[in-house]
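In what follows, a structure is listed as structure tokens, so that the remarks can point back to it.
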Amino acid sequence: MKKFVLTVGSLLLSAAPFVGIAQTAYADTQSYVETQHGWVDYHQSASINSPITGRLNLGDKAVLVGKANSYWYEISINGTDAYITTNTKYTKVVDATTSSSGGTSQSTGTTGASTTTSSGSTSTDVTYVQTKQGWVSYHSKAALSSPVIGKLQLGQQAVLVKQANSAWYEISFNGQVGYITTNSKYVTVTNQSNGDEGVNFPAGTSSTPSDWKTEADAVIAAAKSQLGVPYLWGNQIPGVGFDCSNFVEWSYHTGIGVTFSTSSEYQRDNVGTPVALSDIREGDLLFFKTSTNATGGGHVGIYLGNGQVIQEGGGEGKVTIETLATTWFGKNLVFARRIIQ
């Protein structure tokens, strides 16, 4: 831990002078890993295949022990060491300063509407509405019948202006005022900014070929860890059972921390962006025509590359890897969507 000296002199409080006695206090700076996207699992060792020992919810912190490698932080939580992703989409490192008298001040934010800094300037916290499931439309007025004027994609943020009523938040997004649901299934309120209004990921973290491939590999590794797990409709229990869409969501959530609806029909219509079947790549969601759903909302899997898909069920009764060519899967593949851009 870093040691530094604080010299306490005069303080300005409510425009009235207050003179303190100059004194020397010692403080330690402790670093933490904080989640900033849904919830994030931590593991027993620095490997996606190692057992999951717990999870941090949005905004939770764990003591940073060190950086195990470029992919994993070693953390200490509840007296136990564990490992969590270093991916800046899902975690960040923050510092907190603990003084010799026991007080703590965090270096990455303020509490309350505003605070006066040592230089006398005033900073104001901004509160955001953030989507947490697929995309969510926002309207011109606080009414479902009013025109839809845009949508927030998974994890995107808009500035919260106010809560218009119990059903609607008033938001500002890209310079436009709109109204979005208050339903906690679809949105959450946070004062932790992603970096830019309306931008989910920090610049440069999801645009290069190596980045998307790294994330796709993490999703695929999570999916493969469940090979042979039985089909169990409506469930998402690692090692016990999934249905197809729960399996896909679990793989993304475990692999890279992305959460979305576990409905295959919702995934088919809303999650990620459509991609031509001729352009599919590793990690894309593949949707298959069934006897009850001709457009692909009845069955979903994850493309592995090399003409293969990993899926749950699909007539096999378990998680399997299937070849697309000359099989039911290839003949009934009708649609694809991309989450990892």
Inset, instruction - Could you run the Karplus curve 6.51 cos²θ - 1.76 cosθ + 1.60 with θ = phi - 60° over segment 278-287 and give me ³J(HN,Hα) per residue in whole Hz, x for Gly and Pro? - result: 6, 10, 5, 9, 3, x, 5, 7, 10, 10
Inset, instruction - Please list, in chain and number order, the residues 5+ apart from V229 or on another chain whose amide H is under 5 Å from its amide H, with Hs placed from the backbone. - result: V319
Legend entry - Candidates per chymotrypsin sites (Phe, Trp or Tyr not before Pro) in segment 203-287, loop by DSSP, up to 13 other Cβ within 10 Å: W233
Inset, instruction - Would you order S145, S251, S45 from fewest to most other beta-carbon atoms within 10 Å of each residue's own beta-carbon? - result: S145, S45, S251
Legend entry - Stretch gain in nm, segment Q153-N191, where the contour uses 0.36 nm per residue and the Cα spacing is subtracted: 11.9 nm
Inset, instruction - Starting with the fewest neighbours, write out T182, T292 ranked by other beta-carbon atoms found within 10 Å of each beta-carbon. - result: T292, T182
Inset, instruction - Starting from the amide H of V65, placed 1.01 Å from N in the peptide plane, find each other amide H under 5 Å away whose residue is 5 or more places distant or on another chain. - result: E74, I75, S76
Legend entry - Distant-in-sequence amide H partners of Q157 (H built 1.01 Å from N, under 5 Å): G198, V199
Legend entry - Theoretical gain in end-to-end length, A167 to Y266 [0.36 nm per residue, Cα-Cα removed]: 33.4 nm
Legend entry - Nearby lysines by direct alpha-carbon distance to K92 (threshold 30 angstrom, same-chain neighbours under 8 apart not counted): K2, K3, K61, K67, K132, K151, K162, K185, K213, K224
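Only the coordinates and a few stated rules stand behind these numbers; no lab work does. Since we're looking at a predicted model, the values are computed, not measured. Note that each Cβ is placed from the backbone with ideal geometry, even for glycine, and that neighbours are counted across all protein chains shown.
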